[in-house]
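Heads up, the thing below is written out as structure tokens.
Readers should treat all values here as calculations from the given coordinates under stated rules, not as data from a laboratory. Given the structure is predicted, the values throughout are model-derived calculations rather than measurements. No Cβ is skipped: glycine too gets one built from the backbone with ideal geometry, and neighbour counts run over all protein chains shown.
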Amino acid sequence: MLDKMKELWEMKQKMDEIKKELDSVTLESEDNYVRVGISGSQEIKSVSIKSDLTSVDKAKLEAAIVETVNRAVKQSQKTAAAKMSQLSGFKLPGMS
């Protein structure tokens, strides 16, 4: 029982460490119109419009924002998954 508690505590410590790492990482995604910065823990940090708004079609700009944010989120998810794979050595109680 104490071994399982120790294992859970170690896993929580490692998860807290990974969360801090993910919070400190900023990833960027961009296209011709927009640049989006997102943390590894999927918090949008910045959005920049790279074009003069008078020369950009509203629908194209909106589509660019959606696509760029989605790419940034996927990039963030991949980064988080890679970090979380470090926990693969830990087993939860009841798991073999």
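This model, with +1 at the C-beta of Lys and Arg and -1 at the C-beta of Asp and Glu, gives the chain a dipole about its Cα centre of some 280 debye. Rounded to the nearest 20 debye, the dipole size of the range 1-48 about its Cα centre is 180 debye, using +1 on the Cβ of Lys and Arg and -1 on the Cβ of Asp and Glu. Counting only alpha carbon atoms, the long axis of helix 58-84 and the longest principal axis of the chain meet at about 20°. Farthest toward the positive end of the dipole of the chain, out of 53, 8, 85, is the Cα of 8, where the dipole comes from beta carbon charges about the Cα centre. Pairs exceeding 29 Å between alpha-carbon atoms, taken from 14/45; 20/74; 14/78; 20/58; 50/78; 6/74: 20/58; 6/74.
Multiplying the residue separation of residue 6 and residue 32 by 0.36 nm and subtracting their alpha-carbon distance yields 4.3 nm.
Subtracting the Cα-Cα distance of residue 85 and residue 24 from their residue separation scaled by 0.36 nm leaves 20.1 nm.
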